[in-house]
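Student: First the structure, which I've put down as structure tokens, then a few questions once you've had a look.
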Amino acid sequence: MNGKSANINNAARQIYPEGHAIPLTEVLCVFDADQVPNADFFLKMVPLLDGGQDVGMVLSPQTFYNLNPDGDIFNHANVHFWDYTQPGYDALGLISCTGTNFLVRARAFQQAGWFPEWTLTEDFALGIELKKLNWQCRYVSEYLAIGEAPEEVRNCFQQRSRWSKGHFQVFFSRHNPIFARGLSPLMRWMYGSVILSYFSAFTSTPLLMLVPMITVWLGSFPIVINKWAAISITVYYAATLGLQYYTRTLAHLKSMWFSSVSNSILWFAFLKAMYRATLGRWIAGKITFKVTAKGLQRIADLPFRDVWVSTLFLLASLVCLVFGLVHFFRGPLDTPLAISLIFMVYNIIPQYLLLQYTLYRKPLVFNAVCKLMMVLSTAVLILGVVLVWLLYPRTYDYKQALGSTMFFFDSQREGYLPLSNAVPWRGNAFVADYNTTVTLASSLPNDTGLGLGLGSDPLSQFGDLFGGRRLLQADPFAGDPFGGSAGGGGTPSPVDPFGGGSPTAASSSSDPFSSSAGGGADPFGTGGTGGTDPFATDPFAAGNSTGSGNSTGPVDVGVWDLGGGWWSGMGGGNLKATSPVAFTTTLLVWGLMAFGKGFQAAGQTAAALDSIRWGSDYLLKVHRSLPDTNQSLLVTRVGDIDTEMLLWYRPEEQPVARPSFAVDLTTGGSDLGGSVSAALAAASIVFRSQNDTAYATQLLDKSKEVYDFARALKGKFTDGDFNLTLLYNSSTYYDDLAWAAGWLYKATKQDSYLSDVYDFYMKHLEDEAPISDFKYAYDWDNVFWPLNLLLAQETDRPTFKQQSQLFLKNWICAGNAANYTGHGRAYNPMSGSLGATLNAAAMSLMYAGAVSATQPGLAKEYRCWGLSQVRYVLGDTGRSLVVGFGRNPPKRTQDRAAACPDPPEVCNRVTGLLSPDPDPHELRGALVYGSGRSDAFDDNRKADSNRVGIENNAGLAAALAGVVELDSELWSECLQQYGVLRKSAICGTYITI
């Protein structure tokens, strides 16, 4: 099998016939045919044999005259072995014969049976045999001979293939050093590790190249990245770099790097060698010794058989890198994809060097490329380790975020604040609303023209384009609403609210709109002398809503106590609309029911109950039944729409009661009645569980009362309070009635309410579904989809589960009702706020709880998606979208209380809305409206994206509580899903880039 060993053995046997006694002074010297010794070779080598009679061999390193040390990608110089490893072997007593440039005692050689002829690596096997016989070796760390290295790729691969075949022959034979007798445990381990290095090369190299590709396409990563994984990766690669670049001279740096490169490009040759040494012996025939062609014998053919695998991996890696980069910048930044892309670049470098070496290796160019690649390879390896720490484990304090969110609800309160008020910059606000005159909204003219005399709804021509919610988009000051009569119906325009001045004295210079030096007094000053108080006249006067004339005039229905509750925020400023208050209260209740452990873990159960009570207390006030007039009145709002949208003022400085408006449930308003009834019924469940039976009974009784009136005569509350359509344009009512009946059923377990649910459910599908359900929205106007989840929880019926899954599928699976921004936020064009996204996230987390017992895989996907949306708003894009939380949060909101400067400075549009300064008071926990389908967020107070409101935060509170309950390691597992090719139990198999 081995021609070299057979020839040397034949010569040795001729010199030392069998039975001939060989003295210790007899020494043989072995050189490969291409090696030429220095003149002082024997002078340096022979003296080491005097180190003891047990010294059987003296070794010296190899070098080559035709070596290009700066482009030695096959590591012919082998500096790491000759200058660093072999001296260590010598110190430990390992005999590592390398086949040439060595002396061996003839007696030792004979006792070992001469060169083993059964393996291609006779030198390695000879060292083992000598060590088993207790012979020692000495190493001369000096280059005493010079030879010729193979240069052509085919010859290089052939040489390394022979070496690896020989080692595998040793491993898969009775001579395996791991089990050989006569070797110490240390020697067994050291000889075994030499062979196992080939196994490591042909297993780890392709795996390290395949893993990034698999991550790009399938999202699968072999490990879950957490703190311990990050520590392990850091230690491993720190050790790798430390060993790779441990040198006594900078001249060795590149040679040390080439040792790693050579393993990366030769792995397939090692794999084939193992096959030939095992199965191939019976399939491909006997292994033969092939001399490495050198000099005139070099093979110059293009080595396609050797480079095709590297070329294939190179092309595949480049394709994956392009797709991966696109996918990375359009998805969550903290997925395993980031690390995989870094290591994909690292893996590409050796394959590229082999291909360039094959095609063009002129030293001037190739050496420069090698130097560049060494720097790049080292840099990306370090970057990969750094990224592990930058991206993993990125964690958020969800408990703190939940606490901040509950703080936000406290900051939006109206009325007499409790002594335990947690918001230091807030005081009692709108206290005059405890004694306010309520006007029947249907007696008002239908004019939402903001005082501009536009007549009927100016947005009606657009139909339901805005999905039921019409927010003020155009500049209301395009025409001056304060410049006299608006021309529509003779109603006097409000006094200019921008008159300057301090709260105590008029100023001639503070009015930015003043046309004369005289200026106006502060319109909000209770003691001012220079201007007219707008609260004492038109803007807030009860029954004087903006509009054209009306022959009958507004109809007052009494003085009510409407203090408390929250202002709505969003586009309505300080307006207090009943619909978002009811929506928010219900969702807070639902969140507390579903994720009570989350609220408790965050220490926010008491805060949640307090907020629910604050909302419920107000909702108890918004309905009155008047038997004398056969009316059932339900308040729709407190505040004049034009005034609240346009004016900027501190809530604490409103001196008189604002106008309030109601609809008669006996003539319509089923939607608002259903919302209020649902909120009260839901709240009753929570307080009954807290053993507050009296309060729970009061809530439930009022819920039933409102429900009975609401279901009697069907209609929308905006048909009565048409002016409110500018902000809250209701589109349906059967879903709201079913919503109320569902919560009443949950609170009472009376089948009559469940029958009502089914009745209203079917009527909604028949009459309203075409104009609402396609939106797949969950907000104050659209409750059909959450109704299905509520019924799925209560009845466990497949129909409601399927509908719940349909809703979530349309949010989760891109290309349906919702789509995704570049960084992974799901947005619904029909309901574009971040609040709507978090409402869906809360539903996803709730539904996961409903199916976790029977479908754990599906539940995990729902939880992962809900968690991803929560993480998005908390900072996964690089900035937080929750005020006062995380990195670079919003600082300029449209909240009057937070944005207005401290007294005595006047608050108006200039000092509030138009001010470029951050809010004087941090509105901690407020979720901004967001930028719709874009990840870009311009922290500009004038932008719609900076609106805040209670309805926008309700889903966030529920979702955060749900996230608090999740396993802290779940997100690392969720990140496995972000591949180009995804297989989802929800969305099926699909490709995303």
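The values are calculated or read from the model by the stated rules, or taken from the named source; none is laboratory data. As the structure is a prediction and not an experimental result, all values here were calculated from the model. Cβ placement follows ideal geometry from the backbone for every residue including glycine, while neighbour counts extend to all protein chains displayed. To get the accessible areas, we keep the full protein, side chains included, count just its heavy atoms, and leave off ligands, DNA and RNA. Shrake-Rupley method; radii C 1.70, N 1.55, O 1.52, S 1.80 Å.
Student: Where residues in the range 224-240 are hydrophobic (A, V, I, L, M, F, W, C) and over 17 Å from the mean Cα position of the chain (by Cα), which of them is most open to solvent (accessible area, probe 1.4 Å)?
Tutor: Start the filter on the range 224-240 by keeping residues that are hydrophobic (A, V, I, L, M, F, W, C), which leaves 224-225, 228-231, 233, 235, 238-239.
From what is left, the residues that are over 17 Å from the mean Cα position of the chain (by Cα) are 228-231, 233, 235, 238-239.
Details: W228: 169, A229: 16, A230: 0, I231: 61, I233: 31, V235: 92, A238: 61, A239: 50 Å².
Within the range 224-240, the match that is most open to solvent (accessible area, probe 1.4 Å) is W228.
Student: So how many residues does the range 938-970 have that are farther than 26 Å from R892 by Cα, acidic (D, E) and touching a residue at least 60 places away in the same chain (Cβ under 8 Å)?
Tutor: Looking only at that region, the number is 2.
Student: Hey, G824 hits all of (1) surrounded by 20 or more Cβ atoms within 10 Å (Cβ to Cβ); (2) more than 19 Å from G866 (Cβ to Cβ) but one; which does it fall short on?
Tutor: For G824, the exception is condition (2).
Student: Tally the residues that are surrounded by 14 or more Cβ atoms within 10 Å (Cβ to Cβ) and either in contact with a Lys or Arg (Cβ under 6 Å, 6 or more places away or on another chain) or among the aliphatic types (A, V, I, L, M) (or both), restricting the search to the range 190-215.
Tutor: 11
Student: Related question: G182 is checked against (1) over 21 Å from A269 (Cβ atoms); (2) open to solvent by less than 20 Å² (accessible area, probe 1.4 Å); (3) part of a loop (DSSP other than H, G, I, E, B); (4) not hydrophobic (A, V, I, L, M, F, W, C) and fails just one. What number does that condition carry?
Tutor: (2)
Student: Please go through the range 843-864 and pick out each residue that is in a helix (DSSP H, G or I), over 17 Å from the mean Cα position of the chain (by Cα) and hydrophobic (A, V, I, L, M, F, W, C). Reasoning before the result, please.
Tutor: Step one: of the range 843-864, the residues in a helix (DSSP H, G or I) are 843-851, 856-864.
Within this subset, residues satisfying the condition of being over 17 Å from the mean Cα position of the chain (by Cα) are 843, 846-851, 856-859.
Within the range 843-864, M843, M846, A848, A850, V851, L858, A859 meet the criteria.
Student: Of Y695, Y745, Y728, which residue is more than 18 Å from V638 (Cα to Cα), within 41 Å of the chain's Cα centre (by Cα) and among the aromatic types (F, W, Y)? Lay out the reasoning, then the answer.
Tutor: Details: Y695 fails: within 41 Å of the chain's Cα centre (by Cα); Y728 fails: more than 18 Å from V638 (Cα to Cα).
After ruling out the rest, the residue left standing is Y745.
Student: Looking at (1) crowded, with 22+ Cβ neighbours inside 10 Å; (2) over 44 Å from the mean Cα position of the chain (by Cα), find the lone condition where L619 falls short.
Tutor: (2) is the only condition that L619 fails.
Listed here are the residues, each with its yes/no results for (1) within 19 Å of M213 (Cβ to Cβ); (2) touching a residue at least 12 places away in the same chain (Cβ under 8 Å).
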| position | (1), (2) |
| --- | --- |
| L312 | yes, no |
| I349 | yes, yes |
| L359 | no, no |
| A368 | no, no |
| S377 | yes, yes |
| V380 | yes, yes |
| V385 | no, yes |
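Student: Further question on the same structure: Please verify whether D642 is open to solvent by 10 Å² or more (accessible area, probe 1.4 Å), over 20 Å from T718 (Cβ atoms) and over 38 Å from the mean Cα position of the chain (by Cα), treating the condition exactly as stated.
Tutor: On the way: open to solvent by 10 Å² or more (accessible area, probe 1.4 Å): yes; over 20 Å from T718 (Cβ atoms): no; over 38 Å from the mean Cα position of the chain (by Cα): yes.
No.
Student: In the range 935-980, how many are assigned to a loop (DSSP other than H, G, I, E, B) and farther than 25 Å from F408 by Cα?
Tutor: Restricting attention to the range 935-980, the residues satisfying the condition of being assigned to a loop (DSSP other than H, G, I, E, B) are 935-943, 947-948, 965-969, 978-980.
Right, trim to farther than 25 Å from F408 by Cα and you get 967-969, 978-980.
Looking only at that region, the number is 6.
Student: In the range 163-179, how many residues are buried (at least 22 other Cβ atoms within 10 Å of the Cβ) and of a type in the set (K, R)?
Tutor: 1
Student: Tell me whether the range 313-336 contains one or more residues that are outside any loop (DSSP other than H, G, I, E, B), open to solvent by less than 30 Å² (accessible area, probe 1.4 Å) and under 27 Å from G886 (Cα atoms).
Tutor: yes
Student: Let me ask something else about it. Given the condition among the β-branched types (V, I, T), within 23 Å of A678 (Cα to Cα) and either at pLDDT below 95 or part of a helix (DSSP H, G or I) (or both), answer yes or no: does some residue in the range 600-610 qualify? Break it down stepwise before answering.
Tutor: Taking the range 600-610 as the starting set, the residues that turn out to be among the β-branched types (V, I, T) are 605.
Next cut, within 23 Å of A678 (Cα to Cα) only: 605.
Adding the requirement that they be either at pLDDT below 95 or part of a helix (DSSP H, G or I) (or both) leaves 605.
Taking every residue of the range 600-610 in turn, at least one turns out to be among the β-branched types (V, I, T), within 23 Å of A678 (Cα to Cα) and either at pLDDT below 95 or part of a helix (DSSP H, G or I) (or both).
Student: Another question about this same structure. Filter the range 713-747 for residues that are under 12 Å from G674 (Cβ atoms) and small (G, A, S); which is surrounded by the fewest Cβ atoms within 10 Å (Cβ to Cβ)?
Tutor: Looking only at the range 713-747, we keep the residues that are under 12 Å from G674 (Cβ atoms), and these are 714-717, 730, 732-744.
After this cut, where a residue has to be small (G, A, S) as well, the list is 715, 730, 738, 740-742.
On the way: G715: 21, S730: 25, A738: 27, A740: 36, A741: 28, G742: 30.
Of everything passing the filter in the range 713-747, G715 is surrounded by the fewest Cβ atoms within 10 Å (Cβ to Cβ).
Student: Can you find a residue that is at pLDDT 95 or above, closer than 29 Å to Q53 by Cα and open to solvent by less than 20 Å² (accessible area, probe 1.4 Å) anywhere in the range 142-155?
Tutor: Among the residues of the range 142-155, at least one is at pLDDT 95 or above, closer than 29 Å to Q53 by Cα and open to solvent by less than 20 Å² (accessible area, probe 1.4 Å), which makes the answer yes.
Student: Hey, any hits in the range 290-304 for a residue that's open to solvent by less than 10 Å² (accessible area, probe 1.4 Å), of a type in the set (A, V, I, L, M, F, W, C) and at pLDDT 60 or above?
Tutor: For the range 290-304, residues open to solvent by less than 10 Å² (accessible area, probe 1.4 Å), of a type in the set (A, V, I, L, M, F, W, C) and at pLDDT 60 or above: absent.
Student: Can we say L103 is in a helix (DSSP H, G or I), in contact (Cβ under 8 Å) with a residue 40 or more places away in the chain and either out of contact with any Ser or Thr (no Cβ under 6 Å at 6 or more places or on another chain) or more than 28 Å from W267 (Cα to Cα) (or both)? Working first, answer last.
Tutor: Working: in a helix (DSSP H, G or I): no; in contact (Cβ under 8 Å) with a residue 40 or more places away in the chain: yes; either out of contact with any Ser or Thr (no Cβ under 6 Å at 6 or more places or on another chain) or more than 28 Å from W267 (Cα to Cα) (or both): yes.
Considered against the rule, which asks whether it is in a helix (DSSP H, G or I), in contact (Cβ under 8 Å) with a residue 40 or more places away in the chain and either out of contact with any Ser or Thr (no Cβ under 6 Å at 6 or more places or on another chain) or more than 28 Å from W267 (Cα to Cα) (or both), L103 comes out as no.
Student: Sticking with this one: Taking D779 as the residue in question, decide whether it is open to solvent by 10 Å² or more (accessible area, probe 1.4 Å) and at positive phi.
Tutor: Values: open to solvent by 10 Å² or more (accessible area, probe 1.4 Å): yes; at positive phi: no.
Here the answer is no, as D779 does not meet what is asked.
Student: Condition first: on the phi < 0 side of the Ramachandran plot, polar (S, T, N, Q) and buried (at least 19 other Cβ atoms within 10 Å of the Cβ). Can you find one or more residues in the range 702-712 that meet it?
Tutor: Yes, some residue in the range 702-712 is on the phi < 0 side of the Ramachandran plot, polar (S, T, N, Q) and buried (at least 19 other Cβ atoms within 10 Å of the Cβ).
Student: On to the next question. Out of (1) over 30 Å from K801 (Cα atoms); (2) modelled with pLDDT of 95 or more, the odd one out for R887 is which?
Tutor: (2)
Student: So, one more: If we keep just the residues of the range 74-106 that are surrounded by 23 or more Cβ atoms within 10 Å (Cβ to Cβ) and aliphatic (A, V, I, L, M), which is nearest to Y16 (Cα to Cα)?
Tutor: Selected residue: V104.
Student: Let me ask another. I need the full set of residues from the range 154-204 which are under 49 Å from the mean Cα position of the chain (by Cα) and of a type in the set (S, T, Y), in order please.
Tutor: Once the filter is applied, which keeps residues that are under 49 Å from the mean Cα position of the chain (by Cα) and of a type in the set (S, T, Y), the range 154-204 yields S161, S164, Y191, S193, S197, Y198, S200, T203, S204.
Student: Of all the residues that make up the range 870-880, how many are open to solvent by less than 10 Å² (accessible area, probe 1.4 Å) and not in a helix (DSSP H, G or I)?
Tutor: Looking only at that region, the number is 1.
Student: Pick out, from the range 211-287, the helices (runs of 4 or more DSSP H) lying fully within it that include 1 or more residues that are aromatic (F, W, Y) and closer than 24 Å to I349 by Cβ. Lay out the reasoning, then the answer.
Tutor: On the way: elements: 227-244, 253-277, 280-283.
Filter on the range 211-287 gives 227-244, 253-277.
Student: Also, quick follow-up: Taking the range 922-934, which residues are open to solvent by 10 Å² or more (accessible area, probe 1.4 Å), in contact with a Ser or Thr (Cβ under 9 Å, 6 or more places away or on another chain) and either farther than 22 Å from D779 by Cα or not in a loop (DSSP other than H, G, I, E, B) (or both)? Talk me through it step by step, then tell me what you get.
Tutor: At the first step, the residues of the range 922-934 found to be open to solvent by 10 Å² or more (accessible area, probe 1.4 Å) are 922, 924, 929, 931-934.
Next, from what is left, pick out any that are in contact with a Ser or Thr (Cβ under 9 Å, 6 or more places away or on another chain): 924, 929, 931-934.
If the condition is that a residue be open to solvent by 10 Å² or more (accessible area, probe 1.4 Å), in contact with a Ser or Thr (Cβ under 9 Å, 6 or more places away or on another chain) and either farther than 22 Å from D779 by Cα or not in a loop (DSSP other than H, G, I, E, B) (or both), then R924 is the only one that fits.
Student: State which residue pairs qualify: first residue more than 14 Å from Q158 (Cα to Cα) and inside the range 253-271, second residue buried (at least 20 other Cβ atoms within 10 Å of the Cβ) and of a type in the set (D, E) in any location, beta carbons under 6 Å apart, and separation of 6 or more residues or different chains.
Tutor: F258/D72
Student: I've got another one for you. Based on this model, can you work out whether L867 counts as touching a residue at least 12 places away in the same chain (Cβ under 8 Å), more than 16 Å from the chain's Cα centre (by Cα) and outside any loop (DSSP other than H, G, I, E, B)?
Tutor: Numbers: touching a residue at least 12 places away in the same chain (Cβ under 8 Å): yes; more than 16 Å from the chain's Cα centre (by Cα): no; outside any loop (DSSP other than H, G, I, E, B): yes.
Here the answer is no, as L867 does not meet what is asked.
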